[in-house]
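The values are calculated or read from the model by the stated rules, or taken from the named source; none is laboratory data. Source: prediction; values computed, not measured. Note that each Cβ is placed from the backbone with ideal geometry, even for glycine, and that neighbours are counted across all protein chains shown. All accessible areas refer to the heavy atoms of the entire protein, side chains included, with ligands and DNA or RNA removed. Shrake-Rupley method; radii C 1.70, N 1.55, O 1.52, S 1.80 Å.
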Amino acid sequence: MSISSILSIFLQFFGSLCFLLFGMKMMSDGIQKSAGDKLQAALHLMTGNRLTGFFTGCFLTMIIQSSGATTVMVVSFVNAGLIELSKSIAVILGANVGTTITAWIVAIFGFNFEISAFAIPLFGIGYLFTVIKKIRNPGLGQAIMGFGILFIALQWLSSTISLNSGSMNFLPALQDKGIFSYLIAFVIGIIVTAMIHSSSAMTAIVITMAYNQILTWQFSAAIIIGSNVGSTIDSVMASFGANANAKRTMFVHVLFNSVTAIVALIFIKPFTQLVDFIVPGTVTENITMHIAMLHSMFNIIGSVFFMPFVNPLCKLTHLIIKDDKASLPSIYKFEFPERAAHESPTIPVVSAQMEVRRMADISVQMFDRLQYGLTDLSGRFVVDHYDNLVREEDYLDQMQEQLTKYLLKCAQLDIDDKLRENINVMISITGELESMSDDCLSIGVYLKRITEKHYVFKKEDFDRLIPYLELARQLLQFIYKNINKALSKEQLDFANELESQIDAERKALKKIARKRLEDGADVKAELLYMDLVRQIEKIGDRCFNIAEQLALTK
């Protein structure tokens with residue numbers, strides 16, 4: 001065969017593969033856009049038990065046709081603190097089973113029908129869903145078009161990979177080396193799957209080549225087993241820069257897929273014989289069904305075996321991967337998850353929501369420090385809390401800057417208008433939280449000045465601040481509780497009432513302070529007292545501004 005013929009076949013194969021990957025990606029993205037909120041809600045409901053998590057992972061992967069997308073979601077949600085480690089393991093096991101549906105689709109529809117007869121009309125139907133206003137559903141249309149592209153790509157692959165092409169003459173030699181053939185196939189499965197980031201696409205390629213009698217039954221089985229290990233590349237990449245629990249989830253995914261693959265490879269002959277017994281017809285007559293069944297059995301058996309050991313696996317991961325440092329770091333880092341965004345544009349937004357909650361959590365912590373300082377004027381505040389308050393304020397400055405850049409990147413993703421509006425709300429909220437940290441630090445500076453200048457106040461004067469401070473605390477706690485939720489009109493009215501009470505109390509306290517000035521009180525001390533009153537009121541204003549933004553959340 002000439003070099004030009006080999007190059008032509010390679011380019012046709014490469015183009016068909018890319019078209020296959022594009023179709024699968026288009027179908028997955030379309031389904032996520034069409035039912036994105038429901039899919040995210042499904043992941044949020046994984047807090048029931050291991051069985052619930054397993055079936056959630058299984059069915060979610062069946063729907064979106066990508067175990068990579070599911071595992072990236074899981075790792076990202078664990079990193080954001082939305083899913084517990086033990087539940088995430090069950091979801092990953094379910095995702096491994098759910099991904100086998102692609103093999104069945106290819107085996108049943110890919111070669112038993114003249115797919116070109118309906119693939120192009122299917123694409124046309126999908127396109128109509130994107131342009132006709134009465135039935136407009138871009139996500140569903142994109143999913144249908146992706147489904148059509150998938151089958152067109154399978155037909156191209158089948159015509160490119162054939163016995164007559166002479167392009168695969170090297171494969172018979174690789175399949176005739178006994179046990180080493182299985183090892184070669186296993187490694188091929190790992191490497192190619194890791195390169196194309198899709199075990200489903202790899203399975204489709206293997207089924208196509210086996211159907212064209214280029215790959216033997218057991219060689220195909222070894223590639224499929226190896227592809228399960230290669231599919232962990234997505235969770236590995238998603239764990240880069242993540243917290244300890246996200247890395248533990250990734251570790252379990254790699255461990256599970258690797259251990260089950262090695263065991264299956266060791267017992268590949270009896271395993272394939274069991275599949276031969278279950279699937280009707282000979283291997284030659286029904287190779288596609290044999291491969292699909294092997295893929296399913298391999299993952300189901302492995303999941304059933306591992307499920308009882310979820311808790312011991314969690315303990316093992318804690319021994320291997322140490323906890324993150326509990327103290328607040330001096331430098332804040334929150335990198336944009338490019339891989340997660342590629343799999344599902346909503347994942348980075350969910351992660352940002354958790355960081356906004358973390359900002360609110362640190363703001364509450366700063367307020368608690370002030371509450372301690374305002375109720376104990378012994379000077380312990382300066383020793384125990386002031387330096388921490390300075391560090392937290394600087395940390396929130398960094399968070400606001402990086403989160404704003406992060407959210408602006410999120411707004412550029414392929415997301416719907418509702419989510420884009422919510423991103424704008426989050427940008428505004430981060431700005432208010434950062435301003436609130438400035439207010440908290442200002443109060444901390446005043447408390448430090450009281451200690452250093454030895455200002456003396458009557459106990460009843462500072463006692464009057466306690467109810468005032470309590471009103472601000474109630475409003476801050478209300479905001480913290482609802483930080484990522486849409487506020488109803490009644491809830492906004494409640495926040496408005498609290499903010500009005502704070503304003504009224506501020507006026508009363510300033511009036512009392514002015515009266516003390518008229519009676520000859522220390523001018524500097526009373527002015528500082530009024531500054532304290534004003535700064536506490538500003539915290540209430542920040543909280544109400546956040547409440548107004550939350551009311552705009554869709």
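The figures follow:
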{"quantity": "Amide H contacts under 5 Å for Ile83, placed H, 5+ residues apart", "calculated": "Val78"}
{"quantity": "Taking only Cα atoms of the range 345-434, radius of gyration then Dmax in Å", "calculated": "16.3, 56"}
{"quantity": "Distance between modelled label sites at Asp323 and Ile466, nm, 7 Å Cα→Cβ extension", "calculated": "3.4 nm"}
{"quantity": "Unit Cα scatterers, Debye sum, the range 464-533: log10 I(q)/I(0) for q = 0.16, 0.19, 0.27, 0.28 Å⁻¹", "calculated": "-0.63, -0.77, -1.15, -1.20"}
{"quantity": "Segment Ile108-Glu497, extension gain: residue separation times 0.36 nm, minus the distance between their alpha carbons", "calculated": "133.7 nm"}
{"quantity": "Restraint check, Lys459/Lys515; Lys25/Lys485; Lys485/Lys511; Lys133/Lys485; Lys405/Lys538; Lys25/Lys418, Cα-Cα greater than 28 Å", "calculated": "Lys25/Lys485; Lys485/Lys511; Lys133/Lys485"}
{"quantity": "Probe 1.4 Å - accessible area at Tyr211, Å² to nearest ten", "calculated": "100 Å²"}
{"quantity": "Farthest toward positive dipole pole in the chain [+1 Lys/Arg, -1 Asp/Glu at C-beta], among Leu527, Phe462, Ala95", "calculated": "Ala95"}
{"quantity": "FRET efficiency, Lys418 to Arg534 (Cβ-Cβ, R0 41 Å, nearest 0.05)", "calculated": "0.60"}
{"quantity": "Cα centroid separation, the range 344-382 to the range 392-412 (Å)", "calculated": "15 Å"}
{"quantity": "Coarse-grained scattering of the chain at q = 0.11, 0.12 Å⁻¹, given as base-10 log I(q)/I(0) from a Debye sum over alpha-carbon atoms", "calculated": "-0.99, -1.11"}
{"quantity": "Rounded tilt (10° steps) of 310-320 against the dominant C-alpha axis of the chain", "calculated": "70 degrees"}
{"quantity": "Heavy-atom accessible surface of the chain: percent carbon and sulfur, 1.4 Å", "calculated": "61 percent"}
{"quantity": "Label-point separation, Val523 to Val445 (7 Å along Cα→Cβ), nm", "calculated": "2.2 nm"}
{"quantity": "Karplus 3J(HN,Hα) series, Hz, for the range 525-535 with 6.51 cos²θ - 1.76 cosθ + 1.60 (x for Gly, Pro)", "calculated": "5, 5, 5, 5, 4, 5, 5, 4, 4, 5, 5"}
{"quantity": "FRET E, pair Glu548, Asp394, Förster distance 25 Å, beta-carbon r, rounded to 0.05", "calculated": "0.35"}
{"quantity": "Degrees, to the nearest 10: 417-453 long Cα axis against longest axis of the chain", "calculated": "40 degrees"}
{"quantity": "Solvent-accessible area per residue for the chain (1.4 angstrom probe, square angstrom)", "calculated": "45 Å²"}
{"quantity": "Per-residue [θ]222 nm for the chain (sum of -39500 (n - 2.57) over DSSP H runs n ≥ 4, rounded to 500)", "calculated": "-26000 deg cm²/dmol"}
{"quantity": "Normalised contact order of the chain, rounded percent, pairs of Cα under 8 Å and 6 or more residues apart", "calculated": "14 percent"}
{"quantity": "Segment Phe240-Cys18, length gained on full extension (0.36 nm per residue, minus Cα span)", "calculated": "77.3 nm"}
{"quantity": "Degrees, to the nearest 10: 268-278 long Cα axis against longest axis of the chain", "calculated": "80 degrees"}
{"quantity": "Accessible heavy-atom area order of Phe494, Phe240, highest first, probe of 1.4 Å", "calculated": "Phe240, Phe494"}
